[in-house]
1. ³J(HN,Hα) across the range 64-73 via Karplus (A = 6.51, B = -1.76, C = 1.60, θ = phi - 60°), whole Hz, x for Gly/Pro?
2. Out of all DSSP beta bridges with both ends in the range 2-242, state the antiparallel percent to the nearest 5.
3. Please go through the range 361-446 and write out the trypsin sites (Lys or Arg not before Pro) that DSSP classes as loop and that have at most 12 other C-beta atoms within 10 Å.
4. I want the local charge near Lys353. Using Cβ-Cβ distances under 9 Å, sum +1 for each Lys or Arg and -1 for each Asp or Glu among the other residues.
5. Please identify the trypsin sites (Lys or Arg not before Pro) of the range 297-348 that satisfy two criteria: DSSP loop assignment and at most 15 other Cβ atoms within 10 Å. Which are they?
6. Would you mind checking which residues have amide H under 5 Å from Lys225's amide H? H placed 1.01 Å from N; only 5 or more apart, or other chain.
7. Over the chain, what is the percentage of antiparallel beta bridges among all DSSP beta bridges, to the nearest 5?
8. Taking square-rooted eigenvalues a ≥ b ≥ c of the alpha carbon gyration tensor, is the range 153-280 rounded, prolate or oblate, where a/c under 1.5 means rounded and, failing that, a/b exceeding b/c means prolate?
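Nothing in this text is a laboratory measurement; each read-out follows from the coordinates by a stated rule. This structure is a prediction, so every number in the text was calculated from the model and none was measured. Note that we place each Cβ from the backbone using ideal geometry, even for glycine, and neighbour counts take in every protein chain shown.
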Amino acid sequence: MEEQILLRTLGLSKNFGDVKALDGVSLDIKRGEIQGLIGENGSGKSTISSIIFGIHKASAGSMELSRTLYSPKSPMEARQNGISMIVQEKDTIDMLSVAENIFLGDEKEFKKGPFVDTAKMNAEAKKALSDIGIKDIDVTEPVYRFSFETRKLIEIAKALYYKPELIIIDETTTALSQDGRMKIYEIMRKQKEANKAVLFISHDLPELMETCDCLTILRDGSFVKKIEKSDFSENEIKKSMVGRTVSENLYRNDFEGRMTDKVAVCMENVKTDLLDNINLNLYEGEILGIGGLSGSGMHELGRVFAGLDRCNEGEVKVYGEKLKDLAQALRLKIGYISKDRDTETLFLAESIKDNLTISAWNILKRGFLILPGDEKKFAEKQIEELKIKCSSGNQLVRELSGGNKQKVSFGKLIGNGSRIMILDSPTRGVDVGVKTTMYELINNLKHEGHAIVIISEELPELIGMCDRILILKDGAISKEFERKPDLKETDIINYLI
């Protein structure tokens, strides 16, 4: 019925320079409904959601909210109209406290004369976190002191504090542990039961099929189709996403193990504030998987590999040389892609070309000079080989989809000749097509003799891609698994928990 429609978009289009990110998309979001939104990276999912939330203004088309013309000029105005959004990447300001981040832009609600009542703000922040089951965060602490996952939970608390009629969840579950994901699913269920609405964006098709009432598919910025739950078919949805039949097997189909016995990295009795007596070898021509739950220490282990964090005890040796810091790691050709790529891997405000070439200056130098023509050719080669979807190498990285951002991250490692690659959550927020490209690239790099670490909470990814898997629990290695055809998730789970 017409009165069930909470929000309607009518022919929305959006251009970023020469790139048409959205092309005449019309969709309806109903009350009492969890609507999934899926498509390849660059299909327009984040673009349409950012228009609904007032981050971007549409180039053409219009929107209606409860039958009234709706055109928000900012996220603050969107929230005032009952729409909240949890964005894919980081949406907090590092130096502000948890409470200040939750109420950023709404400080006037806590003013006493010219001053902000921080005690009242902190109390409300605690309540906002408590409402989603979080009671152990000090809201006076700056957010940079918290993990990426905890920052996402803070953003969730902020979104729900305003009691939205529509909540947009953009690729949030990929940044969360299983406990965090269960919180999101519970939030969506309650939103639906309250006759409100959810627009849920994810590349995890089984997750969407399990949680959503219907699914809207976008491709190349255009609406393809809307499918009701009763008609869900995984193969048909994939085909509609990419316009072709997609192979069921994304991963490696060989079981050959590592290519050499040459040790690239050796950790001996490594201890940090979280890690406890880590001993391991990483070999050339090997893909080593690191798995675990949130708080297990696997992300911290990646930072130790990359020279970002120092050991309290023990040592890390790279080709026999003791690793001391990041500068030395770069000299030793260690490359690192962070789980929080927008903060720690990419320069969002710079061009694709600048991001790709900045780590390759030593390669591009002619004496003391780097010629612009050489930079352009270098970047164009990476863009072509990695199939980065963009208007040109001069396009800003912040304008790219999540998958294309991740391709730029890979390009930085390949471009500077990294021989050791530490990949933390390398396929977070990317579609099935980009995953296939990345997995092929990783496998090719292994066969070229690169030493590769994949850190992931996704067991199918670790089982499908790695020669060995180390499982971390409470900062220590609880079990090692070798690659074999009959290795299953159930074999691993008991060593996670």
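1. Taking θ as phi minus 60°, the curve returns 10, 10, 6, 6, 10, 4, 10, 8, x, 8 Hz for the range 64-73.
2. The antiparallel proportion sits near 55 percent.
3. Details: sites: Lys365, Arg366, Lys376, Lys377, Lys381, Lys387, Lys389, Arg398, Lys405, Lys407, Lys412, Arg419, Arg428, Lys435, Lys446; in loops: Lys365, Lys387, Lys389, Arg419, Arg428.
Those that pass, being in a loop and sparsely packed, are Lys365, Lys387.
4. Values: positive: Lys376; negative: Glu350, Asp354, Glu375, Glu380.
After counting each charged neighbour, the total is -3.
5. Working: sites: Arg303, Arg310, Lys317, Lys322, Lys324, Arg331, Lys333, Lys339, Arg341; in loops: Arg310, Lys324, Lys333, Lys339.
Passing sites in the range 297-348 are Arg310, Lys324.
6. Answer set, sorted by chain and number: Ile217.
7. Numbers: 44 of 81 bridges.
Here the share of antiparallel DSSP bridges comes out near 55 percent.
8. Working: a/c = 3.18, a/b = 1.39, b/c = 2.30.
Because a/c hits 1.5 or more and a/b fails to exceed b/c, the range 153-280 counts as oblate.
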